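Derivation of every value follows stated rules applied to the coordinates shown; laboratory data play no part. Quantities reported herein were computed from a predicted structural model and do not represent experimental measurements. Positions of Cβ are backbone-derived with ideal geometry, glycine not excepted, and every protein chain shown enters the neighbour counts.
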Amino acid sequence: MSDAAVPLRSRIWAGQVIPVVVVVAAIIAIWYAGAVWLNAPWALDQAGRDEVELSATELVADTWSQERPVLPAPHQVVQDLWKSTIGTRITSKRSLFRHAWITLSATLAGFALGSGLGILLAVGIVHDRTMNASVMPWVIASQTIPILAIAPMIIVVLNSIGISGLLPKAIISMYLSFFPVVVGMVKGLRSPNKMLLDQMHTWNASRSQTFWRLRLPSAVPYLFTSLKIGVAASLVGAIIGELPTGAVAGLGARMLSGSYYGQTVQIWSALVMAAILAAALVALVGVAERATLRVMGGR
Amino acid sequence: MTPKPVIEARDLSLTFQTNDGPVHALSHVDLTINQGDFVSFIGPSGCGKTTFLRVMADLEQPTDGSITVNGMSPAEARKARAYGYVFQAAGLFQWRTIDKNIRLPLEIMGYSKSEQDARVARVLEMVELAGFENKYPWQLSGGMQQRASIARALGFDADILLMDEPFGALDEIVRDKLNEQLLELWSRTGKTIGFVTHSIPEAVYLSTRIVVMSPRPGRVTDVIESTLPKERPLHIRESADFLEIAARVRVGLRAGTLEDV
């Protein structure tokens, strides 16, 4: 029986809902408390200058409603999110939907490039001794370089040869997302045991027959695990790609301009939007995974 | 009519180089298997019985001596699809139905679609799995999975069937049933069967010849011709002939191991 088929009441009793609600409530409570703690100095400072005494209630109310708080309260972020998405025309430069779409398109392009590159590299590494010895160390080395350090260089170099816009961001996104795919696919393509490979040998199967009929299907569960990590990494890459360019659009640009002008609420709503996007992307990969495994006879 | 030799091993040796020094898996083995024989290899672990079978199948390379399968080298015989090999585990692909699993070697060997259909239907019938073609392996019991694995090895008409402890992981009741079915299949098809086991009753019940092997170095210590008739109901295992052969196998096994101690 799937989870969705279980009525809500029995799910509550089965302890599936209450723990989630408790954790969410705790996070929100800590967030509000944090807002009081971090925003109180400014509120007290203001009150001191205006020479007014703040009661405890007034202090709390102030910390939750400042225009440029150190830490905005959850409802301020929600209000800003609402205002900049539903409350703004999609064509407007202020529409968060528009910014999210710009980042999302770079993410998807980077994810497609990264997954493709990762799968190709993994196939090469598994089938070719030289590639295994020569490429794998570089793949690992590539991830030890801080992406923030080379992102501006990628943008500048590509710009100088006339490439700008979506592609440079997609390439940075690819740089982050190909790695988990390579590692997962290499492991997956090598997962068939000796007996299964011997069996193919007794049938005199060629390398390509062994690849398509045994190695690739065996690698599918590994691939999806990697893709989930890869798609989240793609989003991070696309956002990082927007930071050093002085980009005018995208979630990264919103975060950067928010920090220039002290618009903390704007930073947070861009952050929350990025988190929602990431969760949706990972969930989508999960749906594709379940559908694929069902076609492959999963129980 | 003199029986036609199918597998001939002459002075066959195989030494594995390991970190603990050389391991003599096979040492100076001479054996001829004739067409239509059911030959069992029995012995304690490390006696080289599986290695011997793997050499026949071109899965291991001998370091000395010679071996021919159907008059060819094992590699040529493998490419000519001279044998079907059944492993200890069923080795079915979890993402393929039983039908698709049995079809797998046929696809690899390039049989036409209609030829595949006919062969799959025929071997499913042979192992009594008709009606299960659309099930996935995990939906079948262990015994049924092993039967599917045997069906898969039968699909491409190899004259030789090499079986490496195919029923080792199954319980005794299922094993009895499968032994009976295997004998029936053997007498119907006239295939030559090489069968590795560590069960004395299984070896005696199934075989026309029993090859007793002993370890360190792996070698043949006795070859026993069975006096049992070709027709073998399960209760033949209580007959005097059966018990006598079993006793001889046991003596051979003990002799091989005692020398060692």
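On a straight-distance basis, which lysines could pair with B:Lys4 in a cross-link, Cα separation under 16 angstrom, same-chain partners fewer than 8 positions away excluded?
Within the straight-line cut-off, B:Lys4 pairs with B:Lys191.
In a Gaussian network model over chain B where Cα atoms closer than 10 Å are linked, find which of B:Phe52, B:Phe87, B:Phe167 has the largest mean-square fluctuation.
B:Phe87
For the stretch B:107-261, what are the per-bin percents of Cα-Cα distances with bins 5 Å wide, up to the bin holding the maximum?
Over the stretch B:107-261, the share of Cα pairs per 5 Å bin runs 1, 8, 16, 18, 18, 14, 10, 7, 5, 2, 1, 0 percent.
At a 10 Å Cβ-Cβ cut-off, how would you order A:Trp212, B:Trp95, A:Trp203, fewest neighbours first?
On the way: A:Trp212 12, B:Trp95 19, A:Trp203 22.
The fewest-first ordering by Cβ neighbours comes to A:Trp212, B:Trp95, A:Trp203.
Can you list the lysines whose alpha carbon sits under 19 Å from that of A:Lys83, skipping same-chain ones fewer than 8 residues off?
A:Lys93
Starting from the Cα-Cα distance between A:Arg9 and A:His75, subtract it from 0.36 nm times their residue separation and give me the gain in nm to one decimal.
Contour length minus Cα-Cα distance gives 20.9 nm.
Considering chain B, what Rg and Dmax in Å follow from its alpha-carbon atoms?
Expressed in Å, the Cα Rg and Dmax of chain B come to 18.4, 58.
Could you give me the percent of Cα pairs per 10 Å distance bin for the stretch A:122-259, shortest bin first, beginning at zero and ending with the bin that holds the maximum distance?
It works out to 12, 31, 27, 17, 9, 3, 0, in whole percents.
In chain A, with Lys and Arg counted as +1 and Asp and Glu as -1 at Cβ, which of these residues, A:Val186, A:Met153, A:Gly87, has the Cα nearest the positive end of the dipole, that is, farthest along it?
Among A:Val186, A:Met153, A:Gly87, the one farthest towards the positive end of the dipole of chain A is A:Val186.
Rounded to whole Å and sorted largest first, list the principal axis extents of the Cα atoms in the stretch B:93-157.
Principal-axis extents of the stretch B:93-157 (Cα, largest first): 30, 23, 17 Å.
Quick one: angle between helix B:98-109 and the longest Cα principal axis of chain B, in degrees between 0 and 90, rounded to 10, please.
Value to nearest ten degrees: 70.
With 19 Å as the cut-off, how large is the P(r) tail for the stretch A:80-157, expressed as percent of Cα-Cα pairs?
When every Cα pair of the stretch A:80-157 is considered, 61 percent fall beyond 19 Å.
Say R0 is 22 Å: what FRET efficiency, to the nearest 0.05, do A:Glu67 and A:Trp37 get from their beta-carbon distance? Intermediate results must be reported in sequence, preceding the final value.
Details: r = 19 Å, r/R0 = 0.84.
Plugging the Cβ-Cβ distance into 1/(1 + (r/R0)^6) gives 0.75.
Quote the Stokes-Einstein diffusion coefficient, in whole µm² s⁻¹, for chain A, based on the Kirkwood radius over alpha carbon pairs, a temperature of 4 °C and a viscosity of 1.567 mPa s. Could the numbers behind the result be given before it?
Working: Rh = 22.8 Å.
Approximately 57 µm²/s, per Stokes-Einstein.
Per DSSP helix of 4 or more residues, -39500 (n - 2.57); summed, then divided by the residues of chain A. What does that give at 222 nm, rounded to the nearest 500?
Taken over chain A, the calculation gives -25500 deg cm²/dmol.
Where in the stretch A:25-86 are there chymotrypsin sites (Phe, Trp or Tyr not before Pro) that are in a DSSP coil and have at most 11 other Cβ atoms within 10 angstrom of their Cβ?
none
Eigenvalues of the Cα gyration tensor times 5, then square-rooted: what semi-axes does that give for the protein assembly as shown, in whole angstrom, largest first?
Whole-Å semi-axes of the equivalent ellipsoid: 69, 27, 22.
Placing +1 at every Lys and Arg Cβ and -1 at every Asp and Glu Cβ, with all other atoms neutral, what dipole size does the stretch A:96-295 have around its Cα centre, in debye to the nearest 20?
It comes to approximately 460 debye.
By the scheme Lys and Arg +1, Asp and Glu -1, what is the net charge of all other residues having a beta-carbon under 9 Å from that of A:Val265?
-1
Report the antiparallel proportion of the DSSP beta bridges in chain B as a percent, rounded to a multiple of 5.
55 percent
Pick out the long, greasy-scoring helices in chain A: whole DSSP H runs spanning 18 Å or more along their own axis by Cα, mean Kyte-Doolittle at least 1.0.
Answer set is A:18-50, A:96-127, A:147-160, A:166-189, A:216-242, A:264-295.
Points 7 angstrom from Cα along the Cβ direction at A:Val220 and A:Ser92: gap in nanometres?
4.7 nm
Just the number, please: percent antiparallel of the DSSP beta bridges in the protein assembly as shown, rounded to the nearest 5.
On the way: 22 of 40 bridges.
Of the beta bridges lying entirely in the protein assembly as shown, close to 55 percent run antiparallel.
Against the longest principal axis of chain B, how steep is helix B:172-189, in degrees 0 to 90 to the nearest 10, with axes from Cα atoms?
Taking the Cα atoms of chain B, the angle to B:172-189 is about 80 degrees.
By a straight-distance test (C-alpha under 15 Å), which aspartates and glutamates pair with A:Lys187 as possible cross-link partners, with residues fewer than eight away in the same chain excluded?
Within reach: A:Asp128.
All other residues with a Cβ under 14 Å from the Cβ of B:Arg250 taken together, and with Lys, Arg as +1 and Asp, Glu as -1, what is their net charge? Numbers along the way, then the final one.
On the way: positive: B:Arg248, B:Arg254; negative: B:Glu202, B:Asp222, B:Glu244.
Value of the local net charge: -1.
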